[in-house]
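What follows draws every value from the coordinates through simple rules; no lab data is involved. Just so it is clear, the model here is predicted, and its values are computed rather than measured. Because the Cβ atoms are built from the backbone with ideal geometry, glycine has one as well, and the counts that use them run over all protein chains shown.
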Amino acid sequence: MTALEVVRAAAGLDEYLADVEVELGRSVGRYPGLVREVGAGALAAGGKRLRPALAFLSSSPAAEPPVAAGVAVELVHMATLVHDDLIDGAVVRRGRAAAWSEHGEDAARASGDYLFARAFAVLAETGDASLVAVLADASLALARGEAMQRRQRHDPDTSIEDYLERCALKTGKLFEAACVLGGGSGAYGRRLGIAFQIADDVLDCTGETIETGKVPGTDLRDGTPTLPLLLASQADPVVRDALAGGPNEGVLVRVAASGALDRSRELALHYASEARSCLDGAPRRNELEALTRAVVERRS
């Protein structure tokens, strides 16, 4: 079995994700109006539902499946995508028109806020304030990471350390929250999230996929300094100039020729290995270990 097949074969996962999907629909559709319509579109766009799966895999098989946690973290993820597309001016998300391009900027902004609010409402209904605090901390990290990305835009001198901090804030903290809300290791989730983001940034440079949620080469065109672009910039002045805002035609070929993609994959594998080291005593350790391999090996 492949690593992804091991994850998907986890007992009870399919049923859990089906329950999460039903509750996502109920939560998004709770109040009438345009925000519900836009939110429903974001929900219909689909996705891997990786964050809810993390909550489930981090939970004890003897415990009640953490449906509320899975719904809440996915709603936050959906909200960030709606807002990110608006900020970045991205017109397509997973093959569909981005919310802002279809409904307007004000509607997208309000709908993202609506999805955030519904996420916290779902957790508040559990009566456990500690769960709300975990998600609030992750949401604050997301905002900080987005602000950091804005500052780093078109800056080829961004340090690798600052890039990794951004990954931890924008991706790692919500992975961490999913694990903690499920009852598992936040340290595992944070490291897995960084590995996932590095792999995502590599995919954006390879053009091998149309399922990452964005058009390949988006990071270069937007001037977002990702690990492969930064590493390639250190070796190739043409890549450096493109990342700084210069012409970018043919630059992804130069990124691949620089060896930056392989070096980036090596760092993703390092963080995946670190994530595995955090799994002592985890009840679903086999599936969680397989997930660390699946996120790095993926092609979409």
Legend entry - In nm, spacing of pseudo-spin labels at Arg36 and Val22 (7 Å Cα→C-beta vector): 2.0 nm
Legend entry - Cα gyration tensor shape of region 188-284, rounded if a/c is under 1.5, else prolate or oblate by comparing a/b with b/c: prolate
Inset, instruction - Please determine, in degrees from 0 to 90 and to the nearest 10, the orientation of helix 285-297 with respect to the longest principal axis defined by the Cα atoms of the chain, where the helix direction is its Cα long axis. - result: 30 degrees
Inset, instruction - Give the peptides 71-78, 46-53 in descending order of average Cβ contacts within 10 Å, highest first. - result: 71-78, 46-53
Inset, instruction - Using only Cα atoms, find the angle between the long axis of helix 34-44 and the longest principal axis of the chain, and express it within 0 to 90 degrees, rounded to the nearest 10. - result: 80 degrees
Inset, instruction - Return a whole-number percent for the relative contact order of the chain, with Cα pairs under 8 Å and 6 or more residues apart as the contact set. - result: 20 percent
Legend entry - Simple label model, 7 Å out from Cα along Cβ direction - His270 to Asp157, nm: 2.4 nm
Legend entry - Loop trypsin sites (Lys or Arg not before Pro), region 138-174, which have at most 16 other Cβ atoms in a 10 Å radius of their Cβ (DSSP): Arg153
Inset, instruction - Tell me the GluC sites (Glu not before Pro) within region 218-300 that lie in a loop according to DSSP and have at most 16 other beta-carbon atoms within 10 Å. - result: Glu249
Legend entry - Relative contact order for region 11-85, counting Cα pairs under 8 Å that sit 6 or more residues apart, in percent: 36 percent
Inset, instruction - Would you pull out the residues with amide H under 5 Å of Arg93's amide H, same chain only if 5 or more places away, H placed 1.01 Å from N? - result: Ala98
Inset, instruction - Would you mind getting me the FRET efficiency between Val215 and Ala44? Use the beta-carbon distance for r and R0 = 22 Å, nearest 0.05. - result: 0.65
Inset, instruction - Would you kindly derive the ³J(HN,Hα) couplings of region 69-81 from the backbone phi angles with the Karplus curve 6.51 cos²θ - 1.76 cosθ + 1.60 (θ = phi - 60°), listing them in order in whole Hz, with x for Gly and Pro? - result: 5, x, 5, 5, 5, 6, 5, 5, 4, 4, 4, 5, 5
Inset, instruction - Would you mind checking the tilt of helix 105-124 against the longest principal axis of the Cα atoms of the chain, expressed as 0 to 90 degrees and rounded to 10? - result: 40 degrees
